[in-house]
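So the structure is just underneath, and the comments pick up after that.
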Amino acid sequence: MYRESESLLEVLAKYWFSIIDNLQIKNLLISFKQEIEGLTLHGQFVDTFQFIKYQNNSIFFNGITTNNNSQIVFDIPKSFELFVKYNLNIASIEKIADNLNSFNDISSVLLKFYDIIQSSSMMIHEEGCVRYS
C-alpha cells in the first residue's frame, strides 16, 4: 500500500502538516488553534489505495466533539461552518429523517437507507455511510 519507508501514520502526519502549512500561509493558524482548543475533530482519512480511487490523500471531516464532556457531537451545521471557514474537506451529508422517537422509526429509516445503499453504485455512495444524530 504505502512505500516501504512510509507508514500510514507518517502519511497521515504529512497530510496534517500540509493543513497546518496552508492555514499558516493564510494567517489562519492561530485562530484555528483557538477555535479548536478543547475539541476533537472527526473525519475519515482517505488515500489513493481505497476502493474509490481518490486523487489525493485527504481527510473528510464530519463532526466535532468536546473533550471531557458528555456532549457526544456538536451541532452538525456548526461543525461544518468551522470546516468550511478553514477550508477543510467535508464529508457529504444528507438528512434522512426528522424525529426518530421509537425503535420502529429508527428501524424503518435504517432499512430504507440499507436498500438505497445496497442498490447504489460505489461511485454514488462511495464506501459506506455513517449515521449521526
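Where a number appears in this text, it was derived from the coordinates with a stated rule and is not lab data. Predicted model, so just to flag it, every value in this text is computed and none were measured. Note that each Cβ is placed from the backbone with ideal geometry, even for glycine, and that neighbours are counted across all protein chains shown.
So the values come out like this:
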read-out: Residues N68 and N99, FRET efficiency given R0 of 35 Å [Cβ-Cβ distance, rounded to 0.05]; value: 0.70
read-out: Theoretical FRET efficiency, 1/(1+(r/R0)^6), r = Cβ-Cβ of K14 and E81, R0 35 Å, to 0.05; value: 0.85
